[in-house]
Amino acid sequence: MKVKHLLLCLSAILLLASCRTPRELIYFQDLNGDKPIAATIAQGITIQPGDEISIIVKSKDPMLSELFNLAVVAQRVGNSNSTVGSQSTVLYTVDSNGEIDFPVMGKIKVGGLTREQIAGKIKNILIDSNLVNDPVVTVYFNNMTYSVLGEVSRPGRYAIDKDKVSILDAIGAAGDLTIYGKRENVTVIRDENGQKVSYILDLTSSKSLCSSPAFYLHQGDIIYVTPNNYRLRQSTVNGNNVYSTSFWISLASLLTSITTVIIQFLR
């Protein structure tokens with residue numbers, strides 16, 4: 001009877017060890033609807049050397065607009081072997097000094113500025129130089145991306161399509177974390193002043209998450225969601241290793257069989 005009780009206790013312990021606490025899957029566990037969250041100041045995406053942007057200048061006078069909107073004509077061959085031309089706006093690559101070479105106006109410093117700031121700067125130069133009296137300037141991102149890796153539904157690289165992208169936007173775009181992802185251990189790797197810097201984010205704590213400097217993403221950020229222990233136990237081909245619950249259940253079953261044989265023999 002003692003042996004049976006011992007085996008039952010062992011099986012119960014193994015079963016409990018294999019269960020994952022549902023609370024570990026919940027975001028913002030400290031969220032209180034009656035109190036505001038102290039959040040980091042929202043920072044828009046700023047232009048850095050190597051970034052590509054397109055700039056569109058519009059005016060009531062189309063002839064003036066064309067002076068500043070350089071176009072690229074791409075040639076392609078159609079199904080009928082005829083050459084067809086398509087037109088797109090030229091892209092400006094920010095050089096190592098944070099400058100672009102803009103038509104008529106020459107070198108313009110755009111490094112460290114947001115899209116809105118760049119548009120305002122060009123607009124002011126156009127007006128102050130009496131080049132265009134009524135300019136409407138629009139700036140677009142081109143090659144800015146972030147990457148999401150690890151335990152998410154759709155890992156990959158995603159384009160930055162707006163001025164402010166939060167870690168929650170990125171996780172939503174990647175289809176949310178899987179049940180195997182550690183909500184309290186999400187890493188953001190970022191280039192800062194030529195060095196790689198990492199931030200650990202805890203999605204279960206709204207206070208910690210919203211106050212992190214990595215809550216709002218920068219271009220080139222890499223987000224990595226760490227797998228939990230259950231996923232690590234499945235790291236072998238069949239998932240049966242010394243870290244897995246199935247291994248210990250199999251061992252307990254073997255011990256039970258051996259114990260039964262010994263008891264039968266002793267009788």
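Summary of values
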read-out: Length released on extending from Y140 to S198, taking residue separation times 0.36 nm less the Cα-Cα span; value: 18.1 nm
read-out: For D169, net neighbour charge (Lys/Arg +1, Asp/Glu -1) across residues whose Cβ lies under 13 Å away; value: -2
read-out: Simple label model, 7 Å out from Cα along Cβ direction - L31 to T93, nm; value: 4.3 nm
read-out: Kirkwood Rh, Cα atoms: Rg over Rh of region 147-208; value: 0.96
read-out: Aspartates and glutamates whose Cα lies under 13 Å from that of K207, excluding same-chain neighbours fewer than 8 positions away; value: D30, E184
read-out: Out-of-range pairs (alpha-carbon distance over 25 Å; input K123/K196; K109/K164; K58/K109; K123/K162; K109/K162; K58/K107); value: K123/K196
read-out: Span per principal axis, largest first, for the Cα atoms of region 172-217 (Å); value: 35, 22, 17
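The numbers here are math on the coordinates, done by the rules we state, and not lab data. The shown structure was predicted, so the numbers you read here are calculated from the model rather than taken from an experiment. Positions of Cβ are backbone-derived with ideal geometry, glycine not excepted, and every protein chain shown enters the neighbour counts.
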